[in-house]
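What follows is one structure encoded as structure tokens, with my remarks underneath.
Every number here is computed from the coordinates shown, using simple stated rules; none is lab data. Keep in mind that this is a model prediction, so the values were computed, not measured. Note that we place each Cβ from the backbone using ideal geometry, even for glycine, and neighbour counts take in every protein chain shown.
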Amino acid sequence: MNVRFWEFINGSHVKLTLRPKQRLAWDQFERTDEGWSQCGETWELSADGLALERESFSDGQDCDGRLSRGHSAIASADPFTFVDCYQFAGKRPDWQDGDDWQRDQFAEAAGY
């Protein structure tokens, strides 16, 4: 069974539809005056269609070196557990925070 929900992407609400075992991805890349930056998200519906997973990341490099960050979240795929979108008439999964990670190139080189 497919799951449909709203996410806020590129400045507007977008309705996503996922089939069991399907993974969707979005990312954005840009060059900056000091280097580059990239961010993105993936959404995946479990094989049994009961759980959703979202992973977010940001990455970039500037005069301070490279900094990468990521975050995961999980939610029930049951539409009756979905919550209202912020100032929008749609519903989104009730994402629960998972793991966070960070890599700082210069901090690691300095032994932190």
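For G49, work out the one condition from (1) in contact with a Phe, Trp or Tyr (Cβ under 8 Å, 6 or more places away or on another chain); (2) surrounded by 11 or more Cβ atoms within 10 Å (Cβ to Cβ); (3) not in a strand (DSSP E or B); (4) not aliphatic (A, V, I, L, M) it doesn't fulfil.
(1)
What residue, among those in segment 62-108 that are charged (D, E, K, R) and assigned to a loop (DSSP other than H, G, I, E, B), is nearest to L18 (Cα to Cα)?
So, considering only residues that are charged (D, E, K, R) and assigned to a loop (DSSP other than H, G, I, E, B), the one nearest to L18 (Cα to Cα) is D78.
For segment 63-89, which residues satisfy the criterion of being in contact with a strand residue (DSSP E or B) (Cβ under 9 Å, 6 or more places away or on another chain), of a type outside the set (S, T, N, Q) and closer than 22 Å to S46 by Cβ?
G70, H71, A73, I74, A75, A77, D78, P79, F82, V83
Please verify whether G111 is part of a strand (DSSP E or B) and over 17 Å from V3 (Cα atoms), treating the condition exactly as stated.
no
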